[in-house]
1. Can you tell me which of E861, E821 is under 30 Å from D694 (Cα atoms) and either surrounded by fewer than 18 Cβ atoms within 10 Å (Cβ to Cβ) or of a type in the set (S, T, Y) (or both)?
2. Can you confirm whether G679 is in contact with a Gly (Cβ under 9 Å, 6 or more places away or on another chain), modelled with pLDDT under 85 and assigned to a helix (DSSP H, G or I)?
3. Conditions: (1) away from the ligand (no atom under 16 Å from the Cβ); (2) buried (at least 19 other Cβ atoms within 10 Å of the Cβ). G612 meets all but one. Number of the miss?
4. Mind listing whichever residues of the range 465-495 are within 16 Å of the ligand (Cβ to nearest atom), assigned to a loop (DSSP other than H, G, I, E, B) and surrounded by 15 or more Cβ atoms within 10 Å (Cβ to Cβ)?
5. Under the condition of being more than 16 Å from the ligand (Cβ to nearest atom) and at pLDDT 90 or above, which residue from the range 361-377 is farthest from S513 (Cα to Cα)?
6. Restricting attention to the range 553-563, does a residue exist that is among the hydroxyl-bearing types (S, T, Y), surrounded by fewer than 18 Cβ atoms within 10 Å (Cβ to Cβ) and over 29 Å from G291 (Cβ atoms)?
7. Among the listed residues V509, V498, which satisfies the condition of being surrounded by 20 or more Cβ atoms within 10 Å (Cβ to Cβ) and away from the ligand (no atom under 16 Å from the Cβ)?
Amino acid sequence: MSQQTTIRKLAALVNTPVEKLLEQLSEAGMQFSDPDQVVTSAEKLKLLGFLKRAHGKGDAPVEEIAAPKKITLNRSRKQELTVGGGKNRQTVDVVVRKKVTLSRPTEGAALDPDAERAEILRKLEESRAKNLSEQQRLAEEDKRRADEAEQRRQEAEAEAERLRQAAAAAAAAPEDADPAAARRTPGHGHGHKPAAAARPDERGAAAAKPKANRGSHAMVSGVEDDDKTARFAGQLHLSASDRARRSTGNTRGKPQRGGPQRRSGAQSRSGGGPHGFERPTAPVQREVAIGDAITVADLAQKLAMKGGDVVKALFKMGVMATITQSIDHDTAVLAVEELGHTAVRADADDAESELIAHVGEAQGEQVVRPPVVTIMGHVDHGKTSLLDYIRRTKVASGEAGGITQHIGAYHVETDKGVISFLDTPGHAAFTSMRARGAKLTDIVVLVVAADDGVMPQTAEAIQHAKAAKVPLIVAINKIDKSGADPSRVKNELLEHDVVAEDFGGDTQVVELSAKTGDGVDDLLDAISLQSEVLELRAVAEGRASGTVIESSLDKGRGPVATVLVQQGLLARGDYLVCGIQYGRVRALFDETGSQTQSAGPSIPVQVLGLSGVPEAGDDFVVVADERLAKEVAQQRETKRRETRLVQAAGNRMEDIMAQMGQAEQQLSLNLVIKADVQGSVEALRQALTALSNDQIRVNIIVAGVGGITESDANSAAAAKATIIGFNVRADASARKVIENSALDLRYFSVIYDVIDQVKQVASGILGMEIREEIIGIAQVRDVFRSSKFGAVAGCMVVEGVVKRSKPIRVLRDNTVVFEGELESLRRFKENVDEVRNGTECGIGVKAYNDVKAGDQIECFERIEVQRTL
Ligand code: GDP
């Protein structure tokens, strides 16, 4: 995309209407007429200078700012400029160039470039905030108006229906009664709204305001019998057939309908009467909010146009898109403007902001809440054993003989208070949650086996905890074993900046055995102590919010999500939004499998009643009613779908480019991943896509919870993908497809195995690679020339072995001067096949006579190796 900034782009960047920007430019002495004209950087600077002076802060003359001595571009500071957002982050140019003007020697001392820059940033932020709040206000007003209109429309409809029924009843009655009745109620006969009729002045006022167009259409559409007419009238772009229908519709009326209707039709077309429909004299300009992407169908709906017409308009602009396809923000904005409407950036979705306001309401007294603990550490150091031991011995057991469920988390009650454990040990779960922005864990318990010490994953866990700024407690496990050496572990931890308390540091270290249970209580005490230090607090009442830990689809119970409540009280019957799902809490289960009425902060519960399976790491929020829950969920889903479609389109593009024979062709390994729980799906998705590098791209075509279905198999067949079943199996119809298409299906139950095998498969795709390996080096000591053999180098093999059959290179000052083969390899006048390190030999090089004393002869071989990731 071009880097040039047009007025329109600049306006979008600083969040100012184009007209206003044109006005400001003109005030700053620059005349532009067309919003698509390009604004040069000097002009931008001039405008900034002008704006600055206009705000009474700048004292440098405009020309000085407008004519900087040097201009530099420093794109690396992009992230500081959040204005505009999305693709429009190029605003950086403006700011940095401004900074350079400050290097002028005359005013150098007075101005601090950073302060200056900060000031401009502040101003841009200010203007953005102002614009945003203005936008919000307008949006609210629009919404209010639309709601009112909708209400009035509904009233009118109800009234119309009532009257229609009355008329029908009257028509069925003796003839003489009908005309009189109809005549007595000429307006009402076809759905006029009495309330509106009583307030003609109000309607007139509304129609006079240009902004009210939308509202009045909505009102009228309920009033008109032929509601198409109303739609047409408010519509700027009509297809030819619509246009034809409209013109005939106006005059023809509907023959089967009664007189009063026709009369009213004429009246409404005239635009005079209080109930009349006013045909707009100017085209209706719609303001359309567009996010990062939008489907053509949604755009058409927002513009009140036919999908086909939008497709046509896009086609004229050179964009080929079908009605179901998604177009990116820029294209959508262009299309909207091309069609004579205005586009605004949809920064926050309406429902989403309503949701935020909603959550904001839920204020209350903060009380102490239990800590949430994740257990990490090297494989086999005893994470699972420790979690199991605590659960087995500490979770208040349910009625079913203390059998506890595995729901992704559990909580225990100790003398010092409640502690919640996230029940998926390992780093993948922790990092994938973090990657999704969910901050669940308050404390990390790092398990280190006393007989094994600090291992790679121990170090990794320390890094993760530090990166997430989560405090660590070290559990030195397996102290029951004979080889246990806790002090060695503490020493090794020092190397990773983890200093135990008895070494003068601030990390609590507990020695325990997950097998015998020794020391486990000390660990729980240490956790309680750490949590007191952290002063963890939350509102324990009111509407709950939190995060999904695990989710799955249960055959009998439908979508099941384990959530961790982080604020408020989640109770049965609550309405909630959960990622892109919504629903009403039908039942809550705790980790013992028993039903519970509610769950407060830091308590995990299983939720039943959602519309679908949310993803681990999704947030959930309880809302007042189903409407909001549904709206937010749907909006989120649309957004996700649109983003995905745009991404998919990007992929297709890459494929096309690959087909076009790009030199840097990257190979793809396509995968379909199905797993038993969402946590595993996420962990696999992350781990496997991380295997991608510049040679191979790991593409995950489908990833989800549940068995492998026929449609999964079909997707895999279409993409020639390998299917991975993690603790799930393919059903019969899927197996048939897999067999017929000879697909590669693999079952696993250990994540590391999946990664290993995918690596192997990927390596297989990568094929073989020829590598050179130096097998020996000989130092040339002297050169003998003979008429029979030419130049023979008297050498000493100083490394490896020199073989007669292998190729060689002659190196002088570590530079290759010749590459070829050996003519002869001799030892004491005898031809030999190889000469080893530390042995003297005579080497004749084929077709090369310039060997000199001091050269090196390097002998190498070419081997074929399997490419690996
Ligand atoms: P994880 O990979 O970190 O989850 O480790 P596991 O909990 O699966 O434990 C690995 C092995 O160590 C298992 O065979 C456990 O029985 C054993 N183990 C765990 N904790 C202890 C302990 O405290 N003492 C002894 N002797 N063995 C333990």
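1. None of the other options fit; the residue is E861.
2. Spelling it out, G679 is indeed in contact with a Gly (Cβ under 9 Å, 6 or more places away or on another chain), modelled with pLDDT under 85 and assigned to a helix (DSSP H, G or I).
3. All conditions pass for G612, except number (2).
4. K478, I479, D480, A484, D485
5. Filtering the range 361-377 for residues more than 16 Å from the ligand (Cβ to nearest atom) gives 361-372.
Remaining after also requiring at pLDDT 90 or above: 367-372.
Details: V367: 34, V368: 30, R369: 28, P370: 24, P371: 22, V372: 22 Å.
Of everything passing the filter in the range 361-377, V367 is farthest from S513 (Cα to Cα).
6. Within the range 553-563 (the criterion being among the hydroxyl-bearing types (S, T, Y), surrounded by fewer than 18 Cβ atoms within 10 Å (Cβ to Cβ) and over 29 Å from G291 (Cβ atoms)), the answer is no, since none of the residues qualifies.
7. It is V498.
Yes or no, residue by residue, for (1) within 29 Å of K481 (Cα to Cα); (2) in a strand (DSSP E or B); (3) at pLDDT 75 or above:
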residue	(1), (2), (3)
E354	no, no, no
H358	no, no, no
V379	yes, no, yes
A396	no, no, no
T404	yes, no, no
H411	yes, yes, yes
S420	yes, yes, yes
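The values are calculated or read from the model by the stated rules, or taken from the named source; none is laboratory data. Keep in mind it's a predicted model, so treat the numbers as computed, not measured. Note that we place each Cβ from the backbone using ideal geometry, even for glycine, and neighbour counts take in every protein chain shown.
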